[in-house]
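Heads up, the thing below is written out as structure tokens.
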Amino acid sequence: ELETRVDIRSRDEIGALAGAINDLAVDLQHYRDTRQEFFANISHELRTPITYLEGYANVLKDRLYATEEEKDQYLGIIYMEARRIQHLVDDLFELAKMEEGKITLAPEWIDLAELMEQAVNKARLKAADKALKLEYTAEGAPQWMYTDGARMEQIVLNLLENAIRYTEKGTVSMRLSFEAGGVKLAVRDTGIGIPEDELPFIFERFYRVEKSRSRMHGGTGLGLSIVHKLTGLLGGAITVASRPGEGTCFELYFDLRLRPGKDRV
Ligand code: ADP
């Protein structure tokens with residue numbers, strides 16, 4: 001229920017003004033709701049690892065373990081949960097900077113095909129750990145791109161890491177295709193996929209398709225919203241297609257005639 005509502009419905013300027021005020025009140029309420037939800041999410045995300053930290057620290061403190069192996073196992077959990085908190089704080093900070101428009105891009109002319117190959121190589125170890133095939137192809141006449149290379153790599157690495165995280169067997173592939181005036185980047189996997197009715201939400205902060213599974217994989221639920229925001233900042237667009245049990249494909253498109261921060265529309 002809105003607290004600020006002006007109940008004037010006349011057809012004159014006063015009525016129009018009342019209407020405008022009511023619209024603002026709706027916006028304000030929406031802002032408050034999302035803000036509250038955001039902080040509730042953060043508290044929840046922090047509470048879980050902190051509970052683990054407390055619990056296992058107590059077990060160690062009171063020497064409630066039978067063997068050295070058991071002790072090491074608990075230390076391992078403590079380490080993992082501390083890293084999770086670190087990861088969450090880093091992601092939150094990154095999002096906050098972006099939302100306040102405090103991210104400065106450092107655009108330069110880059111060889112996209114080479115940069116993407118490097119990004120794929122950075123993901124090799126993680127793919128090898130799960131015995132997944134990792135492929136990279138570039139097609140079309142290579143073109144230079146005026147963009148922030150580090151941010152571009154961050155976007156793609158994030159998608160690749162997700163692809164690896166949510167795939168148990170098969171292939172993760174990255175395809176770069178240069179077209180007239182633009183470039184398309186596709187990150188495809190043969191993983192668990194995302195149900196169709198959940199697709200519209202996956203770029204939202206803290207949204208997870210399956211909470212426990214994502215938690216097991218060490219995710220924060222913030223990665224894709226960072227990817228989405230960054231892609232927009234660089235003047236690109238992102239789309240996703242997926243089939244549960246078959247795999248997922250994220251596609252990025254950048255118009256090579258636009259310059260981020262300059263001719264961005
Ligand atoms: P997380 O840190 O939990 O991975 P993201 O924002 O990166 O959060 O992704 C949001 C959710 O989208 C994930 O929890 C996961 O359920 C789903 N998801 C993302 N990428 C993939 C993928 N390649 N295959 C299947 N599900 C995915």
Query raised in the report: Does segment 163-174 contain at least one residue that is in a helix (DSSP H, G or I), more than 8 Å from the ligand (Cβ to nearest atom) and touching a helix residue (DSSP H, G or I) at 6+ places or on another chain (Cβ under 7 Å)?
Result: yes
Query raised in the report: What is the number of the single condition among (1) in a helix (DSSP H, G or I); (2) loosely packed, with under 14 Cβ neighbours inside 10 Å; (3) modelled with pLDDT of 95 or more that A127 does not meet?
Result: (2)
Report summary line: From the option list A131, A113, single residue qualifying as more than 22 Å from L224 (Cβ to Cβ), without any contact (Cβ under 8 Å) to a residue 60 or more places away in the chain and of a type in the set (G, A, S) is A131
Query raised in the report: Of all the residues that make up segment 136-162, how many are more than 15 Å from the ligand (Cβ to nearest atom) and closer than 13 Å to D189 by Cα?
Result: 1
Report task. Could you pull out the residue among D91, D72, D33 that is surrounded by 15 or more Cβ atoms within 10 Å (Cβ to Cβ), part of a helix (DSSP H, G or I) and of a type in the set (D, E, K, R)? Result -> D91
**Report entry** Pick from segment 175-189, criterion surrounded by fewer than 18 Cβ atoms within 10 Å (Cβ to Cβ) and of a type in the set (D, E, K, R), ranking: nearest to the ligand (Cβ to nearest atom)
**Finding:** R175
**Report entry** Unique match (being β-branched (V, I, T) and free of Cβ contacts under 8 Å to residues at least 40 places away in the same chain) among T171, T190, T147, T167
**Finding:** T171
Query raised in the report: Quick one: how many residues across segment 238-256 are surrounded by fewer than 16 Cβ atoms within 10 Å (Cβ to Cβ), under 16 Å from F201 (Cα atoms) and either within 12 Å of the ligand (Cβ to nearest atom) or of a type in the set (A, V, I, L, M, F, W, C) (or both)?
Result: 3
Query - Counted residues, segment 221-235 - those being part of a loop (DSSP other than H, G, I, E, B), more than 8 Å from the chain's Cα centre (by Cα) and farther than 10 Å from I155 by Cβ - result: 1
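One line per residue, one yes/no per condition, for (1) closer than 20 Å to L258 by Cβ; (2) in contact with a strand residue (DSSP E or B) (Cβ under 7 Å, 6 or more places away or on another chain):
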site: L112; (1), (2): yes, yes
site: A119; (1), (2): no, no
site: G149; (1), (2): yes, yes
site: V172; (1), (2): no, yes
site: G182; (1), (2): yes, yes
site: V187; (1), (2): no, yes
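For every residue, the table says whether it meets (1) at pLDDT below 95; (2) at positive phi; (3) among the β-branched types (V, I, T); (4) in contact with a Ser or Thr (Cβ under 9 Å, 6 or more places away or on another chain).
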position	(1), (2), (3), (4)
P200	yes, no, no, no
R205	yes, no, no, yes
A237	no, no, no, yes
S242	no, no, no, yes
R264	yes, no, no, no
Query raised in the report: Is there a residue being exposed (fewer than 12 other Cβ atoms within 10 Å of the Cβ) and part of a strand (DSSP E or B) anywhere in segment 109-119?
Result: yes
Query raised in the report: Of all residues in segment 36-56, which are under 21 Å from A96 (Cβ atoms) and either outside any helix (DSSP H, G or I) or among the acidic types (D, E) (or both)?
Result: E37, E45
Query raised in the report: Within segment 135-149, is even one residue surrounded by 13 or more Cβ atoms within 10 Å (Cβ to Cβ) and assigned to a helix (DSSP H, G or I)?
Result: yes
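The values are calculated or read from the model by the stated rules, or taken from the named source; none is laboratory data. Note that the coordinates shown come from a computational prediction; the quantities given were computed from them, not determined experimentally. Ideal geometry is used to build each Cβ from the backbone, glycine not excepted, and the neighbour counts take in all protein chains shown.
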